[in-house]
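J.: Take this structure first; my questions come after.
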Amino acid sequence: MSEPILIVDDEPEVRALLRAGLEAEGFSVVEAGSGAEADALLASRPVSLLTLDLKLGGEDGLSLARDLRAKRNTPIIMITGKSDPIDRVVGLELGADDYIAKPFLMREVVARIRAVLRRYQGIEPSAAQGEPAPTGNRYTFDGWTIDLTRREVRDPGGKACELTTAEFNLLAILVQRPGRVLSRDELMDLLKGHEWTPMDRSIDGLVARLRRKIEPESERPQLVKTVRGVGYVFAGNAKRL
């Protein structure tokens, strides 16, 4: 792997454990003990993914996650000792791609990192080489376009819209099922991006984040509408190209 994994954690023992486990699996690793160190590293070199402790000494890992997501689309996996379910939900709502609680099994960390990287790097060779995407893998809705092969979304003006992996996957699911009411459980099953639980309401946060990026007025959504007591429906005029 040409680009390394960045470990952001204020506990040297945890960083050492993660480094040893990831390097044993063939990953390249760099470390940061604070948000400032992480910012400096990211400004000087690309990384494939970063793991982020939710509580960084006196710093707030959630604030760092928010800043990182606003600046770049690098995959983020939260690795934290906080056990309150609301922390997991908030982390995912801020754009984290997955969440692992301490203490963790190294095998689980490796498996989740590889799963997230597959989702981010899952572009077919033809797209990576700049060749046209296969017919039928693009959709348009209300002036927007989404290319499922290149994993690109463009607004009515042709400007690229930066979505996280989970946001893109959710939009792809919705545009392929216009007019169909999807329950939260159905969306959780279709996304397969995180380990959802029946009481996990982070699907609502994910929908809210997507709305903020594609709806003219996210508080009065016209594309992704809520069906009270059931789930969501895509009300946009979606067509396959």
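Bear in mind that the values in this text are calculations on the coordinates, not laboratory data. Predicted, not measured: the structure shown is a model, and the values here were computed from it. Heads up, the Cβs are rebuilt from the backbone with ideal geometry, glycines too, and the neighbour counts pull from every protein chain shown.
J.: At 7 Å along the Cα-to-beta-carbon direction for both A16 and E162, put a label point, then send me their distance in nm to one decimal.
T.: It is 3.6 nm.
J.: Now, a different point. Measure off 7 Å from each Cα along the Cα-to-Cβ vector at D60 and V230, then give the distance between these two points in nanometres to one decimal.
T.: So the two model labels end up 3.8 nm from each other.
J.: Shifting gears a bit: Would you mind computing, in nm to one decimal, how far apart the modelled labels at S218 and K239 are, each placed 7 Å from Cα along Cα→Cβ?
T.: Rounded to a tenth, the inter-label distance reads 2.9 nm.
J.: Taking amide H atoms as placed 1.01 Å from N in the peptide plane, list the residues 5 or more away in sequence, or in a different chain, whose amide H sits under 5 Å from that of L56.
T.: G61
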